[in-house]
1. Modelled with pLDDT under 95, of a type outside the set (A, V, I, L, M) and not in a helix (DSSP H, G or I), is that true of Ser107?
2. If Thr78 satisfies every condition in (1) part of a helix (DSSP H, G or I); (2) surrounded by fewer than 16 Cβ atoms within 10 Å (Cβ to Cβ) but one, which is the exception?
3. Could we say that Gly240 is within 21 Å of Gly168 (Cα to Cα), in contact with a Gly (Cβ under 8 Å, 6 or more places away or on another chain) and either touching a residue at least 40 places away in the same chain (Cβ under 8 Å) or not aliphatic (A, V, I, L, M) (or both) here?
4. Which numbered condition trips up Arg220, out of (1) charged (D, E, K, R); (2) closer than 21 Å to Ala273 by Cβ; (3) more than 23 Å from the chain's Cα centre (by Cα); (4) assigned to a helix (DSSP H, G or I)?
5. Checking the structure you have, find out if any residue of segment 220-227 is touching a residue at least 12 places away in the same chain (Cβ under 8 Å), of a type in the set (Ser, Thr, Tyr), closer than 17 Å to Asn148 by Cα and surrounded by 14 or more Cβ atoms within 10 Å (Cβ to Cβ).
6. Return the residues of segment 89-111 that are under 14 Å from the mean Cα position of the chain (by Cα) and open to solvent by less than 20 Å² (accessible area, probe 1.4 Å); say none if nothing qualifies.
7. Return only the number of the condition from (1) part of a helix (DSSP H, G or I); (2) without any contact (Cβ under 8 Å) to a residue 12 or more places away in the chain; (3) out of contact with any Asp or Glu (no Cβ under 9 Å at 6 or more places or on another chain) that Val210 does not satisfy.
8. Being within 20 Å of Gly180 (Cα to Cα) and polar (S, T, N, Q) is the filter here, so list the residues in segment 89-134 that pass it.
Amino acid sequence: MYVVLGASGHIGSSVVKALQERELGVTAVVHSRENADALDGPHTTIRVVDIRDARALAGVLGTGQRAFLLNPPANPGTDTDAAEMATASSIAEAVRHPRLEKVVVASTYGAQPGIRIGDLSVLYAFERMVEATGVPTAINRGAYYFTNLDQFLDAARAGRIETPFPGGLVMPMVSPDDLGVAAVARLMSAIDDVGVQYVEGPERLTFRQVAEVFAEELGRSVELATTPRAEIETYFRSLGFSNEAAASYTRMMKATIDGVELPDSPTRGSTNARDYIGRLVKRER
């Protein structure tokens with residue numbers, strides 16, 4: 001039996017689907033029944049659990065032999081670092097109690113030690129917390145999610161998208177479906193398949209190229225505007241981020257811009273930007 005946290009999200013649902021296709025037993029953990037019906041399938045149990053309740057979560061993890069661990073993003077209107085560190089700590093505490101054979105942790109390119117660098121520092125701390133439980137831990141660091149591009153669709157339709165990333169900055173990007181497939185591969189691999197692996201799509205591209213793909217799929221010109229570095233924090237506040245979250249995400253953005261992680265031998269998925277954006281445009285028509 002496999003336990004999947006964040007099962008109703010982009011990556012978690014892909015993990016559940018991939019396990020269902022293999023006719024393997026799955027316990028899909030969600031925070032509410034809303035959207036959970038899409039996870040129904042053979043050999044699948046849906047459990048509603050507050051991951052901040054380590055005791056309850058430990059009970060669910062104890063029903064499986066292996067687990068996919070995803071620390072969910074906090075509401076950007078809150079202090080995201082504080083909220084996500086709390087859930088990371090709760091998940092790690094829950095992992096200590098069941099006799100799990102192995103876990104797979106969802107993390108990110110650029111994960112690094114530090115304080116308030118958004119996902120980069122929170123997920124690095126999450127990796128270390130889970131490893132400290134003594135359960136064999138495989139860590140999949142995913143590139144920039146294609147789902148982050150969803151927010152640009154309406155702006156692209158109007159002819160102009162804006163991002164803090166410089167237009168010529170080369171970025172690894174990845175589909176959640178490819179992250180799900182990669183996670184299942186490690187869930188099913190040998191117990192000693194542990195440590196960090198990187199997962200990205202078949203190609204690296206720039207945001208200038210992203211704008212070009214939107215233009216081709218929408219059949220219109222799309223201008224790319226880069227938010228000046230000094231205005232990044234204001235940009236996040238304009239999106240409804242709290243002061244704490246805006247400051248943290250700004251440090252994360254600047255750290256990424258200054259040093260995009262480009263591993264030599266990542267695991268590569270099959271979905272490219274044109275595939276993803278093309279489906280996004282068709283879905284939202």
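The values are calculated or read from the model by the stated rules, or taken from the named source; none is laboratory data. Source: prediction; values computed, not measured. We place every Cβ from the backbone using ideal geometry, glycine too, and count neighbours over all the protein chains shown. When the accessible area is computed, the model is the full protein with side chains, heavy atoms only, and any ligands, DNA or RNA have been set aside. Shrake-Rupley method; radii C 1.70, N 1.55, O 1.52, S 1.80 Å.
1. no
2. Single failed check for Thr78: (1).
3. Criteria not met by Gly240.
4. The failed condition is (4).
5. Yes, segment 220-227 contains a residue that is touching a residue at least 12 places away in the same chain (Cβ under 8 Å), of a type in the set (Ser, Thr, Tyr), closer than 17 Å to Asn148 by Cα and surrounded by 14 or more Cβ atoms within 10 Å (Cβ to Cβ).
6. Across segment 89-111, the qualifying residues are Val104, Val105, Ala106, Ser107, Gly110, Ala111.
7. (2)
8. Ser107, Thr108
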